[in-house]
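The structure under discussion appears below in the form of structure tokens.
The numbers here are math on the coordinates, done by the rules we state, and not lab data. This structure is a prediction, so every number in the text was calculated from the model and none was measured. Virtual Cβ from ideal backbone geometry, glycine too; neighbours counted across all protein chains shown.
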Amino acid sequence: MRTYPAILGGEPAFAEQVPVSRPTTPPAEPLLRRVRDVLDSAMLTNGRHVREFEAEVAGFLGVGHAVAVSNCTVGLMLLLRCLGLRGSVVLPSFTFMATAHAVAWNRLGIRFVDVDAATWTVDPDSAAAGAVGAAGDAVAAVLAVHTFGAPCAVPPLSAVAVRHRVPLLFDAAHGFGAKYPDGTAVGTGGTAEVFSLSPTKQLSAGEGGLVTTNDGDLARELRVAREYGNPGDYDSAFVGLNARLPELSALLGRASLAEFPQWLERRRATALRYRANLADVPGVTFQQVPEGALSSAKDLTIRIDESHFGMSRDRLAACLSAERVATRCYFYPPVHRQRAYRQVTPSVSLPETETLAASVLTLPLYSHLSADVVDRICEAIRTIQQAADLIGESAPVGIGAPDPTNL
Ligand code: T4K
């Protein structure tokens, strides 16, 4: 049992840095053979692997259509574009900047709303209030986020969308593998959902995204949109983008999908291990997943109550860095406080978002993270908490710029 934290000169918990995330990759050999086939075929984009990946994803999720794109950000951009929205979009500020960027790129208005204190996803009451804008500024859509993989509360959000006759959309960047309380997969909700396949996600294609929907017309439009808006006759129907997923990425996505169920199981078990290990540490709490729902466990994020833990989230992050444990302050600063958005909604009041963003810390989590490493990280947190008085002000803090060593 370690009793002296590294920040006070003790031996660091790890000899080498534990990264906050690592992609789990499929067995290399069969994949490399397929890579050779793709190279031989000379079809590097718009080929059969993208089509087969889309069909496999749609089958896995039980959704009508999956449209592969180059990343989740452009997936969201194209989705908003294809829906032909006008007015303002209701969305959380407690999210990654990309959610808001997709709205801003479409020149739609932004109405940031607050999150629920327990689930950390959009608070339906705040969404309802946010959907009632000033005269002349119609609400265009509700865009909720399955934060850290925990599914949003769909029925009350759906009620807001129905009341205003606007689509309910989900930024499901973190949500692949999550389940709604009725057992259906995240990816089947609302008008459409958009996943990310970037390397920090539980299913990765290197980079990539997937828009899923049961609306066949929308899926068709999205396929044109990702191809410059060119329906095939070189007479562009609207202003699209090149948002194609390359064949090699689709190959990686397909091979990863085949392994995904076991990866997901391990990831969930690792998240549960963290929760069990840290359950009795004063001042540490976790995100609540709605009753009956299943998180994808994309991230393991803890909330630090400084008055019980004995130090702030920032100081804990500095102490863990000394132990060679990388962390991230997802999501700090919240989007409405970021330079690109401060002028957009200067007077917005989001008390829960402010408190949450200042107190959450994302710990290392990936599918092949060993139980032993999790136990040692938890032990390091416990040791730090017990030495909180001793550590006092001696731990340096500073979370403005990312620390390049904190990988
Ligand atoms: N909506 C939400 C809610 C999102 O969170 C995101 C993205 C999006 C939309 C947009 O999705 P995409 O357009 O990206 O598909 C990361 C990711 O870059 C970003 O995708 C993610 N969310 C965001 C929350 O986090 P960073 O800058 O914090 O991650 P980075 O690159 O420092 O990597 C973190 C760890 O992963 C490090 O330990 C290194 C390791 N890593 C990273 C990469 C890129 C690897 O082991 N291999 C790799 O290839 O942003």
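For a paramagnetic label modelled on Glu52 (point 7 Å from Cα along Cα→Cβ), amide N atoms under 19 Å away belong, within the stretch 6-31, to 26-31. Peptide packing: for 10-23, 196-209, the average count of neighbouring Cβ atoms within 10 Å per residue gives the ranking 196-209, 10-23, highest mean first.
Note on the stretch 180-298: semi-axes of the ellipsoid equivalent to its C-alpha gyration tensor, largest first and rounded to whole Å, are 36, 17, 12.
Considering only Cys378, Thr184, Ser312, and ranking their Cα positions along the charge dipole of the chain that arises from unit charges at the beta-carbon of Lys, Arg, Asp and Glu, the one farthest toward the positive end is Thr184.
To the nearest ten degrees, helix 28-41 and the longest principal axis of the Cα atoms of the chain are 30 degrees apart. At what distance in angstrom do the alpha carbon centres of the stretch 1-74 and the stretch 139-195 lie from each other? The distance from the Cα centre of the stretch 1-74 to that of the stretch 139-195 comes to 23 Å. With a simple spin-label model that places each label point 7 Å from the Cα along the Cα-to-Cβ direction, the separation between Gln262 and Val162 comes to 4.3 nm. Considered as an equivalent ellipsoid built on the Cα gyration tensor, the stretch 1-105 has semi-axes of 38, 29, 13 Å, the largest given first. For the stretch 126-131, 3J(HN,Hα) computed residue by residue from phi via the Karplus equation (6.51, -1.76, 1.60; θ = phi - 60°) reads 5, 5, 4, 5, x, 6 Hz, glycine and proline entered as x.
Find the relative contact order for the chain and round it to a whole percent, using C-alpha pairs within less than 8 Å whose residues are 6+ positions apart. Over the chain, the number comes to 24 percent.
Restricting to the stretch 155-236, what percent of DSSP beta bridges are antiparallel, rounded to 5?
On the way: 5 of 8 bridges.
Just about 60 percent of them are antiparallel.
Projecting the Cα atoms of Leu248, Pro151, Leu203 onto the charge dipole of the chain (Cβ charges, centred on the Cα centre) puts Leu248 farthest toward the positive pole.
Remark: the stretch 95-200 carries a charge dipole of roughly 260 debye about the Cα centre, counting +1 on each Lys and Arg Cβ and -1 on each Asp and Glu Cβ. Relative to the longest principal axis of the Cα atoms of the chain, the long axis of helix 72-82 lies at roughly 40 degrees.
Estimate the FRET efficiency between Ser349 and Glu291 by the formula 1/(1 + (r/R0)^6), using the beta-carbon distance for r and 25 Å for R0, to the nearest 0.05. E(calc), rounded to 0.05, equals 0.30.
Rounded, prolate or oblate, given the Cα gyration tensor of the stretch 280-322, with a/c below 1.5 counting as rounded? Note, shape of the stretch 280-322 comes out oblate.
What percent antiparallel are the DSSP beta bridges of the stretch 138-282, to the nearest 5? Percentage antiparallel, nearest 5: 45. Beta bridges per DSSP, both residues in the chain: antiparallel share near 55 percent.
Placing +1 on the Cβ of every Lys and Arg and -1 on the Cβ of every Asp and Glu, with no other charges, gives the chain a dipole of roughly 460 debye about its Cα centre.
As a test of understanding, state the convex hull volume per residue of the stretch 266-366 from its alpha carbons, in Å³. Walk me through the intermediate numbers first.
On the way: hull volume 14.1 nm³, N = 101.
Measuring per residue, one finds 139 Å³ for the Cα hull of the stretch 266-366.
Semi-axes, largest first, in whole Å: what does sqrt of 5 times each Cα gyration tensor eigenvalue give for the stretch 110-219? Each step should come with its number before you reach the end.
Details: eigenvalues 115, 50, 36 Å².
After scaling each eigenvalue by five and taking roots: 24, 16, 13 Å.
Rounded to the nearest 20, the Cβ-based charge dipole of the stretch 24-146 about its Cα centre (Lys and Arg +1, Asp and Glu -1) stands at 460 debye. Relative contact order of the stretch 97-248: 12 percent, from C-alpha pairs under 8 Å at least 6 residues apart in sequence. Over the stretch 326-379, Cα pairs under 8 Å with separation of 6+ residues give a relative contact order of 49 percent.
With the dipole of the stretch 76-128 worked out from charges on the C-beta (+1 for Lys and Arg, -1 for Asp and Glu) around the Cα centre, which of Val115, Gly84, Ala100 lies farthest toward the positive end? So the residue furthest toward the plus end is Gly84. Taking packing as the residue-averaged number of other Cβ atoms within 10 angstrom, the listed peptides 31-41, 110-120, 258-268 run from highest to lowest as 110-120, 258-268, 31-41. If you take every residue apart from Leu272 with its C-beta less than 12 Å away from the C-beta of Leu272, what net charge results, scoring Lys and Arg +1 and Asp and Glu -1? That works out to +4. Spin-label model, Thr184 to Met97: label points 7 Å out along the Cα-to-beta-carbon direction sit 3.5 nm apart. For the listed peptides 316-328, 225-237, 145-157, a ranking on the average number of other beta carbons within 10 Å per residue, highest first, reads 145-157, 316-328, 225-237.
For n ≥ 4 DSSP H runs only, could you compute -39500 (n - 2.57) per run for the chain, divide by its residues and tell me the 222 nm figure to the nearest 500? Each step should come with its number before you reach the end.
Working: 13 runs with 152 residues, N = 407.
Roughly -11500 deg cm²/dmol at 222 nm, from the helical runs in the chain.
Can you grab the distance from the C-alpha centre of the stretch 208-275 to the C-alpha centre of the stretch 324-338, Å, no decimals? If we compute the Cα centre of each part, the gap is 26 Å. Average 1/r across all pairs of distinct alpha carbons in the chain, invert it, and you get the Kirkwood radius: 22.1 Å.
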